[in-house]
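To keep things clear, I will list the structure first and then write my remarks on it.
The values are calculated or read from the model by the stated rules, or taken from the named source; none is laboratory data. The structure displayed is predicted, hence computed values, not measured ones. Backbone-built Cβ (ideal geometry, glycine too); neighbour counts: all protein chains shown.
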There are 2 protein chains.
Amino acid sequence: MYIDIKPTAEKITNNITSRISNLDIQPKLVAVTYKPDDSTISYLKSQQKTSRKFNIKYEIFEAISPQNIFKLLNELSKDNTVHGIFLTHPLPDVNEIEALIQINPDKDVEGRHPYNLGMLAYGNEKFPPCTAEAIIKILEDITNITGKNAVIIGRSTAVGKPLALMLLRKDRSATVTICHTKTQNLENITKNSDIVIAAAGKANLITKNMVKKNSIVIDVGINVVNNKIVGDVSKDTSEIADVTPVPGGVGKITTLLLMEHVVKSVELMLKNSNK
Amino acid sequence: MYIDIKPTAEKITNNITSRISNLDIQPKLVAVTYKPDDSTISYLKSQQKTSRKFNIKYEIFEAISPQNIFKLLNELSKDNTVHGIFLTHPLPDVNEIEALIQINPDKDVEGRHPYNLGMLAYGNEKFPPCTAEAIIKILEDITNITGKNAVIIGRSTAVGKPLALMLLRKDRSATVTICHTKTQNLENITKNSDIVIAAAGKANLITKNMVKKNSIVIDVGINVVNNKIVGDVSKDTSEIADVTPVPGGVGKITTLLLMEHVVKSVELMLKNSNK
């Protein structure tokens, strides 16, 4: 079966709408990019569309050089009218981590600053990476995670690693295994898991014969095959397991959560200025 | 068999000694404590002794109130003559994370600041938590980690979580499972692992029948049973697996690495001031 993520999406949408209506100021999200490729441009357009839907201001800054990225991030970090900063990736010719640490952690709505990542280890999820949080939200809406065996395939800083920290938090308490290209006998591990999170970026990596009956499979992959977008999980897997669809699954929740983070940033700013 | 950690200890000791001899200034480590209990006092004494051995200055600051801890950490963070700050834990009546973020990340030689923890997710191990790093050093001296199944029992911010991030780094590439009190069928997992890291703080948690023949078992536990210090791993486990001893195993390397971090802090400070 495919998992219906509409209820999760609606809940988050309503939550954002209600919180924005309580704000006196209009939230503002900015994207910083450099030499954007086609897929980056299309992603930014979709962000812009979602921002508009929530009446969140949205502005794109295109850097003219690697040095200019640093300057932009510094200026936007100090600009009181900006509440969230999104840095596109990959960035050609740029040391990504050096760029990321220029972002004020209080505006790091994508949760990529090391400070915010480290906070996850302490159970503080102010700004978790949006994709990792989307997976948590979907899981929490359909199952009780505690004591379940969860396997994450993919060890990226945007998904795999932060998600592991989040699944380990005491109120969730999954047993977590992280796999990757060097993993031996992946099938043995996925077959013994109640929850499989496929975040490797490889079409058809997970197939029906690799998962346990009635397990939950979260498909994080976005792969282009024959001009069509497909995930990391084969179609037939849904015959025995509950699988999130691609497109319109994790990705949809991810974009909503980015908006939610911008609203949270405004709320925290207002709270701190009232102190 | 028990693993002989002397070669690892000697290598690190020689490395520290040689690097200190190249410095024009004497490194200084300070400990900040509040209402220290007996075990904290004994730990500080052992730190002091090791510091003396390396000719590292060592000073203990005992806070008179929770507020005073914050003040001390702030002052010491700004003091140019201080190169490493160690905050004892647990701290009674204090929000530990609020205290930790007062420490300048450049002097966070214990690797507990969220910034330094988050950096581990990016593969940057400037100041990893000393115990987690000790486990890595011991493992790298006796085996090739790549592709091995490693299970960590214990999800603490000082050991389990940072160690998972470190074992996943591309040059190591273990497949990592993190277990804890809510884990079902721990034995199934440990029996299928090439490397078992017991960091739960529970005497005899790991026994001979739970591990694979010829596996490597790293014992991080320090438990007091009948006035004797024992680890998390039962004695008989060493009959079929290679086990690190307690005491004198991981703990010994941990203290050495704290010293190494103080030296590194001085080196980085000098390098930055020459820029």
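Observations on the structure shown:
- Residues of the range A:205-218 that turn out to be within 14 Å of A:Gly251 (Cβ to Cβ) and surrounded by fewer than 18 Cβ atoms within 10 Å (Cβ to Cβ), as a count: 0
- Hey, B:Lys264 among the basic types (Lys, Arg), within 12 Å of chain A (Cβ to nearest Cβ) and either surrounded by fewer than 24 Cβ atoms within 10 Å (Cβ to Cβ) or out of contact with any strand residue (DSSP E or B) (no Cβ under 6 Å at 6 or more places or on another chain) (or both) or not: no
- So B:Glu96, is it closer than 28 Å to A:Asp106 by Cβ, more than 9 Å from chain A (Cβ to nearest Cβ) and of a type in the set (Asp, Glu): no
- Candidates in the range A:184-201 are the residues that are in contact with a Ser or Thr (Cβ under 8 Å, 6 or more places away or on another chain) and farther than 28 Å from A:Pro90 by Cβ; of these, the one that is farthest from the other protein chains (Cβ to nearest Cβ) is A:Ile195.
- Across the range A:159-183, the number of residues qualifying as touching a Ser or Thr at 6+ places or on another chain (Cβ under 9 Å), more than 7 Å from chain B (Cβ to nearest Cβ) and either surrounded by fewer than 23 Cβ atoms within 10 Å (Cβ to Cβ) or among the small types (Gly, Ala, Ser) (or both) comes to 4.
- Filtered residues of the range A:105-124 (kept if surrounded by fewer than 24 Cβ atoms within 10 Å (Cβ to Cβ), in contact (Cβ under 8 Å) with a residue 40 or more places away in the chain and at the interface with chain B (Cβ under 10 Å from one of its Cβ atoms)): A:Gly123
- Residue list for the range B:81-137, filter: within 20 Å of B:Gly160 (Cα to Cα) and of a type in the set (Ser, Thr, Tyr): B:Thr88, B:Tyr115, B:Tyr122, B:Thr131
- Candidate set from the range B:220-275 (those that are polar (S, T, N, Q) and part of a loop (DSSP other than H, G, I, E, B)); member that is farthest from B:Asp106 (Cα to Cα): B:Asn226
- If you go through the range A:187-206 and keep only what is outside any loop (DSSP other than H, G, I, E, B), in contact (Cβ under 8 Å) with a residue 12 or more places away in the chain and over 14 Å from A:Gly160 (Cα atoms), you end up with A:Glu187, A:Ile189, A:Thr190, A:Lys191, A:Ile206.
- Exactly one residue among A:Gly201, A:Gly221 is among the small types (Gly, Ala, Ser), under 27 Å from B:Tyr122 (Cβ atoms) and surrounded by fewer than 21 Cβ atoms within 10 Å (Cβ to Cβ), and that residue is A:Gly201.
- The lone exception for B:Phe127 - which of (1) at the interface with chain A (Cβ under 8 Å from one of its Cβ atoms); (2) buried (at least 24 other Cβ atoms within 10 Å of the Cβ); (3) within 30 Å of A:Asn95 (Cβ to Cβ); (4) not polar (S, T, N, Q) it fails: (1)
- Test: A:Phe86 is outside the structural domain of A:Ile135 (by TED's automatic domain parsing), in contact (Cβ under 8 Å) with a residue 24 or more places away in the chain, in a strand (DSSP E or B) and surrounded by 22 or more Cβ atoms within 10 Å (Cβ to Cβ): yes
- Number of the condition not met by A:Leu165 [criteria: (1) free of Cβ contacts under 8 Å to residues at least 40 places away in the same chain; (2) assigned to a helix (DSSP H, G or I)]: (1)
- From the options A:Asn209, A:Asn144, residue that is away from chain B (no Cβ under 14 Å), over 21 Å from B:Gly160 (Cβ atoms), without any contact (Cβ under 8 Å) to a residue 40 or more places away in the chain and of a type outside the set (Val, Ile, Thr): A:Asn209
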